[in-house]
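Have a look at this one before I ask anything.
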């Protein structure tokens, strides 16, 4: 990330809070590079190679990770970076997770995918709005999943987002803005009847604490309240590699713990970071 991004991040967040990011992945049973430890549960990303999870017409995605394979931080191959919106959409379709990547109990929600031309903006009143894509974003997509209520547990909501920028500096600024939003708006309104409360965030740049898996890691945690009641646990994690950011948000429910959510967040974010490195990293040797 450029110097201005690092300066903004340093002012935005207390670095001591960043240990929560690395801790999230260790608690969830992942290695420091974000990949699952000791294989995966049946139906998870280590269970089999998943093909064709992108949008119709998209290129076939890279193979999903199998077991605990450490993935180093390869240099970004600039020749692989997308230059157009079409190339960026094709790339994110090969990176973004599908429901089977998160676990056998996870299903698609309706609507499933956000419109490709919309961008979330937190306004001055701490209310989320949508606008057209900003100039620094080539493409973005969000997929919506849930775990149906049952066995004394309420419905868990999970969102996965991949955003492709022109370059690393732009993706770094996206992370910096996310940190500043938490400080500016610890209470946020998602839409009518849905709110996030008491948010706090932390960041770890590559090499800080236990972060060896992403160029910049950021997480926020707090409470979620919606139509099913609350407040319940909420967590969101974003990771950066070159021009790409990947993120998972998980909203809890009755009978769901922070550790439950952390497992899905770590699994999904680690999976997408693995694929981003596969797609954009320079080959070894």
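The values are calculated or read from the model by the stated rules, or taken from the named source; none is laboratory data. Quick caveat, the model's predicted, so the values are computed rather than measured. Glycine gets a Cβ as well: all are built from the backbone with ideal geometry, and neighbour counts include every protein chain shown.
What number goes with the only condition from (1) in contact with a strand residue (DSSP E or B) (Cβ under 6 Å, 6 or more places away or on another chain); (2) over 30 Å from residue 254 (Cβ atoms) that residue 160 does not pass?
Here residue 160 clears every test but (2).
Here's something else I'd like to know. So for the stretch 102-111 (the condition being loosely packed, with under 14 Cβ neighbours inside 10 Å, free of Cβ contacts under 8 Å to residues at least 24 places away in the same chain and not in a strand (DSSP E or B)), does at least one residue qualify?
No, that holds for no residue.
Let me ask another. Name every residue in the stretch 112-130 that is outside any strand (DSSP E or B), within 20 Å of residue 251 (Cα to Cα) and in contact with a helix residue (DSSP H, G or I) (Cβ under 8 Å, 6 or more places away or on another chain), in order of residue number.
Initial filter on the stretch 112-130 (outside any strand (DSSP E or B)): 114-117, 123-126.
Okay, now just the ones that are also within 20 Å of residue 251 (Cα to Cα), so 114, 126.
Across the stretch 112-130, the qualifying residue is only 126.
Here is a yes/no grid of residues against (1) at pLDDT below 95; (2) buried (at least 24 other Cβ atoms within 10 Å of the Cβ); (3) in a helix (DSSP H, G or I); (4) touching a helix residue (DSSP H, G or I) at 6+ places or on another chain (Cβ under 6 Å):
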| residue | (1), (2), (3), (4) |
| --- | --- |
| 248 | no, yes, no, yes |
| 260 | yes, no, yes, no |
| 272 | no, yes, yes, yes |
| 285 | yes, no, no, no |
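Separate question: Exactly one of these conditions fails for residue 237: (1) touching a strand residue (DSSP E or B) at 6+ places or on another chain (Cβ under 8 Å); (2) surrounded by fewer than 24 Cβ atoms within 10 Å (Cβ to Cβ). Give me its number.
Going through (1) touching a strand residue (DSSP E or B) at 6+ places or on another chain (Cβ under 8 Å); (2) surrounded by fewer than 24 Cβ atoms within 10 Å (Cβ to Cβ) one by one, residue 237 breaks only (2).
How do the strands (runs of 3 or more DSSP E) wholly within the stretch 131-191 filter down when requiring 1 or more residues that are over 17 Å from residue 236 (Cα atoms) and modelled with pLDDT of 95 or more: which remain?
137-147, 156-165
Taking residue 210, is it over 27 Å from residue 156 (Cα atoms) and touching a strand residue (DSSP E or B) at 6+ places or on another chain (Cβ under 9 Å)?
Criteria met by residue 210.
Would you pick out the residues in the stretch 88-112 that are in contact with a strand residue (DSSP E or B) (Cβ under 8 Å, 6 or more places away or on another chain), within 27 Å of residue 171 (Cα to Cα) and at pLDDT 95 or above?
Residues satisfying the conditions are 88, 89, 91, 92, 93, 95, 96, 97, 98, 99, 102, 112.
Looking for whichever is within 16 Å of the chain's Cα centre (by Cα) and more than 17 Å from residue 95 (Cβ to Cβ) here; the options are 225, 178. Which one fits? Break it down into steps so the answer makes sense when it comes.
Working: 225 fails: within 16 Å of the chain's Cα centre (by Cα).
Just a single option satisfies the conditions, and that option is 178.
Might you let me know whether the stretch 186-199 holds any residue that is more than 28 Å from residue 87 (Cα to Cα), out of contact with any strand residue (DSSP E or B) (no Cβ under 9 Å at 6 or more places or on another chain), without any contact (Cβ under 8 Å) to a residue 60 or more places away in the chain and surrounded by fewer than 17 Cβ atoms within 10 Å (Cβ to Cβ)?
Scanning the stretch 186-199 turns up at least one residue that is more than 28 Å from residue 87 (Cα to Cα), out of contact with any strand residue (DSSP E or B) (no Cβ under 9 Å at 6 or more places or on another chain), without any contact (Cβ under 8 Å) to a residue 60 or more places away in the chain and surrounded by fewer than 17 Cβ atoms within 10 Å (Cβ to Cβ).
Please specify each residue of the stretch 205-220 satisfying the condition of being in a strand (DSSP E or B) and surrounded by 24 or more Cβ atoms within 10 Å (Cβ to Cβ). Show your work before the answer.
To start, the set of residues in the stretch 205-220 that are in a strand (DSSP E or B) comprises 205, 216-220.
Within the stretch 205-220, 216, 217, 218, 219, 220 qualify.
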